[in-house]
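K.L.:
Mind having a look at this structure? Questions to follow.
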Amino acid sequence: MSKDLSRIRHLALDMDGTLYLGDRLFPWTLGFLEELRSAGIGYSFLTNNPTRSVADYLEKLSRLGIEASEENMYTTSLAAIDYIRKTWPGAKRLFLLGTPSMAGQFEKAGFEACQDSPDDRPDVLVVAFDTTLTYPKLCRAAWWASQGVPYIATNPDRVCPTPDRTVLVDCGSLQKCIETATGRKPDKVLGKPDPDMLFGIMDRLSLAPDEIAMVGDRIYTDTAMAHNAGAVGILVLSGETTMETVEQVRRDAADPAKAPQLWPPDFVFGNVGELGKALLASRR
């Protein structure tokens, strides 16, 4: 069944590569958010990037001119906290491969960070996108993975989008490093494309799958999450994904001889500014 923009009541918005790139706000973002408010379309901010706490993300959004509150912010750090509490309710001490800001989010939730010591065994190993990564910490994470400690990863992203002339190695690549060294994969990879965050929004706001859209710049996380949740998947080309990639995914999905690894998005726009205009037009 084809998806309909006019039925969308809420948008789950990726941030980096969708609303901004690094510390540069896209020129169409503020107008887009104002159009959503004027049309009565709700929105939440979802990100696979756990390097900042919720408070730090809110500060960044405010600095960029975007109004937001804790109620409409959901990061993979929060998803990891929820998952640990549900799966290992007695867990208290964690080995965190992540930034100090992320560690602060876990400590705020009542967890304790283990030291980099073979004598300080954690209840759970948490591997995340870590811009403060050191070689000894990576080796310690691999050690705990090899020792059978429960192991979760915050997100599957291989790289983080950036306007700089570099490659920001993300959590998915760190998982591959640990897997190569130990043969161990995470017990659970959270964040997009896992649909749980989207299911949470749907339940909280009593939304049907075709009334919520996941908007982002990556097929293998953002629109894959929408597909996994049965929601509307909207890709914007302002970040990582190119139109060439979209066309290849469409060809693979249409080829009966192939078992596609990814499904094409329901809609593709150059940026959220174009999406906003299309949403308003669909309501006329």
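The values are calculated or read from the model by the stated rules, or taken from the named source; none is laboratory data. Source: prediction; values computed, not measured. Note that we place each Cβ from the backbone using ideal geometry, even for glycine, and neighbour counts take in every protein chain shown.
K.L.:
Would you confirm whether any residue within segment 185-207 is surrounded by fewer than 23 Cβ atoms within 10 Å (Cβ to Cβ), out of contact with any Phe, Trp or Tyr (no Cβ under 9 Å at 6 or more places or on another chain), under 26 Å from Gly31 (Cα atoms) and in contact (Cβ under 8 Å) with a residue 40 or more places away in the chain?
P.N.:
Checked segment 185-207: at least one residue is surrounded by fewer than 23 Cβ atoms within 10 Å (Cβ to Cβ), out of contact with any Phe, Trp or Tyr (no Cβ under 9 Å at 6 or more places or on another chain), under 26 Å from Gly31 (Cα atoms) and in contact (Cβ under 8 Å) with a residue 40 or more places away in the chain.
K.L.:
Collect the residues in segment 163-173 that are in contact (Cβ under 8 Å) with a residue 40 or more places away in the chain and buried (at least 16 other Cβ atoms within 10 Å of the Cβ), keeping them in residue-number order.
P.N.:
Asp170, Cys171
K.L.:
Here are the criteria: (1) at pLDDT below 90; (2) part of a loop (DSSP other than H, G, I, E, B). Tell me which single one Pro89 does not satisfy.
P.N.:
Failed condition: (1).
K.L.:
Only one of Leu174, Leu235 is modelled with pLDDT of 95 or more, of a type in the set (A, V, I, L, M), assigned by TED's automatic domain parsing to the domain that holds His10 and within 21 Å of the chain's Cα centre (by Cα). Can you tell me which?
P.N.:
Every option except Leu235 fails the conditions.
K.L.:
Next up: Given the conditions (1) assigned to a loop (DSSP other than H, G, I, E, B); (2) within 30 Å of Cys114 (Cβ to Cβ); (3) in contact with a strand residue (DSSP E or B) (Cβ under 9 Å, 6 or more places away or on another chain); (4) without any contact (Cβ under 8 Å) to a residue 24 or more places away in the chain, and given that Leu58 satisfies all but one, which numbered condition is not satisfied?
P.N.:
(1)
K.L.:
Lys176: basic (Lys, Arg), surrounded by fewer than 21 Cβ atoms within 10 Å (Cβ to Cβ) and within 30 Å of Leu133 (Cβ to Cβ), yes or no?
P.N.:
yes
K.L.:
For segment 134-148, indicate whether the set of residues that are in contact (Cβ under 8 Å) with a residue 12 or more places away in the chain, surrounded by 18 or more Cβ atoms within 10 Å (Cβ to Cβ) and part of a loop (DSSP other than H, G, I, E, B) is non-empty.
P.N.:
Within segment 134-148, none of the residues are in contact (Cβ under 8 Å) with a residue 12 or more places away in the chain, surrounded by 18 or more Cβ atoms within 10 Å (Cβ to Cβ) and part of a loop (DSSP other than H, G, I, E, B).
K.L.:
Does Gly230 qualify as being under 14 Å from the mean Cα position of the chain (by Cα), outside the structural domain of Gly148 (by TED's automatic domain parsing) and not basic (Lys, Arg)?
P.N.:
no
K.L.:
Out of Thr180, Thr245, Thr223, report the one residue that is in contact with a strand residue (DSSP E or B) (Cβ under 6 Å, 6 or more places away or on another chain), in a helix (DSSP H, G or I) and among the polar types (S, T, N, Q).
P.N.:
Result of the check over Thr180, Thr245, Thr223: Thr223.
K.L.:
Give the residues of segment 235-280 that are among the hydrophobic types (A, V, I, L, M, F, W, C) and in contact (Cβ under 8 Å) with a residue 60 or more places away in the chain, sorted by residue number.
P.N.:
The answer is Val236, Phe267, Val272, Leu275, Ala278, Leu279, Leu280.
K.L.:
Within segment 70-83, can you find the residues that are surrounded by 24 or more Cβ atoms within 10 Å (Cβ to Cβ), β-branched (Val, Ile, Thr) and outside any strand (DSSP E or B)?
P.N.:
Of everything in segment 70-83, just one residue is surrounded by 24 or more Cβ atoms within 10 Å (Cβ to Cβ), β-branched (Val, Ile, Thr) and outside any strand (DSSP E or B), namely Thr76.
K.L.:
Residues to consider are Phe45, Phe106; find the one that is more than 18 Å from Leu125 (Cα to Cα) and either of a type in the set (Asp, Glu) or within 20 Å of the chain's Cα centre (by Cα) (or both).
P.N.:
None of the other options fit; the residue is Phe45.
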